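Computed from the coordinates by the stated procedures, all read-outs in this text should not be read as laboratory data. If you're wondering where the values come from, they're calculated on a predicted model, not measured in any experiment.
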């Protein structure tokens, strides 16, 4: 099977075998490094799964995910519109909270001396917020099933 576009494809095979059989699921690729170490390549063919079956009626269902490898270093995959709204709303709330903390600390520092511990907590909150935004981006773009 050679998908023409990106997406998730369902491949179903039904057959009857009078003898025991072996089958291998694999991928042909010009870029074996794209698949990591979990796929064993021999030339251009990478073996993903091998199985043996006894005689009988068989139905094999395989879900295929087709992705195009980006040629650009700066390729950013965007979430679907519904997921983008969720991502932007949460990012806006987190950003508002961070701006409030920094501005509050800055103006308190103008009026009176603010401890280094408070500035350290501000920095830690910023790092945690950046990590949370990254996780939210990953969730809304790659794993969430709320798509239109």
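Need one word for region 7-66: rounded, prolate or oblate. Basis is the Cα gyration tensor (sqrt eigenvalues a ≥ b ≥ c); a/c below 1.5 gives rounded, then a/b vs b/c decides. Verdict is oblate for region 7-66. The angle separating the long axis of helix 81-111 from the principal Cα axis of greatest extent in the chain is about 30 degrees. Computed extension gain for residue 14 through residue 40, at 0.36 nm per residue and net of the alpha carbon distance, reaches 6.7 nm.
Counting every C-alpha pair in region 81-143, the share spaced more than 19 angstrom apart comes to 41%.
Against the main long axis of the alpha-carbon atoms of the chain, helix 116-138 sits at an angle near 30°. Rounded to the nearest 500, the helix-only mean residue ellipticity at 222 nm of the chain stands at -13000 deg cm²/dmol, with each DSSP H run of n ≥ 4 adding -39,500 (n - 2.57). Kirkwood radius, the chain, all distinct C-alpha pairs, inverse of mean reciprocal distance: 20.5 Å.
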